[in-house]
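This report concerns only the one structure given below.
Nothing in this text is a laboratory measurement; each read-out follows from the coordinates by a stated rule. All figures in this text were calculated on a predicted structure; none of them were measured in a lab. For neighbour counting, all protein chains shown are included, and Cβ atoms are generated from backbone atoms with ideal geometry for every residue, glycine included.
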């Protein structure tokens, strides 16, 4: 099933983008449109000036995360490997992972965007390539049940200011000072711009170790997510594109997954993956598409309405799973 609607004409699309932008980004649209019509390229200095405009960052992020044309949304795909990290030994590849998401951005009267998302994570056997329902834990020599991640929703607001860190149902109470939304842009080469986006969190674990004796890594949860987007420079300054095609790398540093049943054993895991936007579920590997369609068909389509709260996989695990019995 295709999730992308017919694109509007080039003229109407440009009119829509220009009409939807704020003052700074509208000026940027005029600049880039004028440059394109004259056949001239936006210079490095002109692009660096845009990097310092919070409104341009808001509009560009909305085009990167989703599609700003009315009624459209974007699917995302990530694939990679999860590795175990323990003292006194080499890092160990444990299993693969596959992510499929659906993201919609909706412009609000004040210029902000509601960014609404559903996301899935499946785990893959590194030897066979098949998605797993059970896994032999090499650290414990125990066969464990694999739990897919199904987060619906995972929402936040894209504005002229950095969004607050996720609250995870009230578990993360840290609220930093408000800062203008000036993102970490850089030139990779003459044709490619990179965006670095990192988040580092330390908050109360949804899995109380007194209850989740085998699943919980402890009373606190330390997580880092590291994104590196790659975007064609010409796409970045093209006002006709309501979605910015991109690719990149994603790393996540996090405690042992609860279904691994590692408890408070010292160590952690690292996700290392590559991502891109895709046209639909038909563009992802057959094993991933099959599981989405059979188990989570709703996740092909992004949410249409804002819903609270947005919970992470740990909060959802605590809500949908039961503590494992003691090991015999």
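Spin-label pair residue 220-residue 251: with each label point 7 Å from Cα along the Cα-Cβ axis, the two points sit 2.2 nm from one another.
Each peptide in 317-328, 41-52 was scored by the mean count of other Cβ atoms within 10 Å over its residues; highest first, the order is 41-52, 317-328. Under 14 Å from a label point set 7 Å out along the Cα-to-Cβ vector of residue 89, the amide N atoms of the range 261-287 belong to 262, 265-269. Semi-axes of the equivalent ellipsoid of the range 121-253 are 34, 23, 13 Å, computed as sqrt(5λ) over the eigenvalues of the C-alpha gyration tensor in descending order. For the chain, a Gaussian network of Cα nodes joined below 10 Å ranks 240, 215, 130 by mean-square fluctuation, and the top entry is 130. A value for P(r) over Cα pairs in 20 Å bins from 0, in percent was derived from the coordinates, and within the list (i) 29, 55, 15, 0; (ii) 33, 54, 13, 0; (iii) 32, 60, 7 it appears as (i).
Just checking the listed ones, 114, 143, 230: in the Gaussian network model of the chain with Cα springs under 10 Å, the one fluctuating most is 143. Using the Cβ-Cβ distance between residue 126 and residue 40 with R0 set to 56 Å, the FRET efficiency works out to roughly 0.70. Extension gain, residue 186 to residue 322: 0.36 nm times the residue separation minus the Cα-Cα distance gives 44.4 nm.
Across the range 10-320, the mean sequence separation of Cα contacts (distance under 8 Å, 6 or more residues apart), normalised by length, yields a relative contact order of 22 percent.
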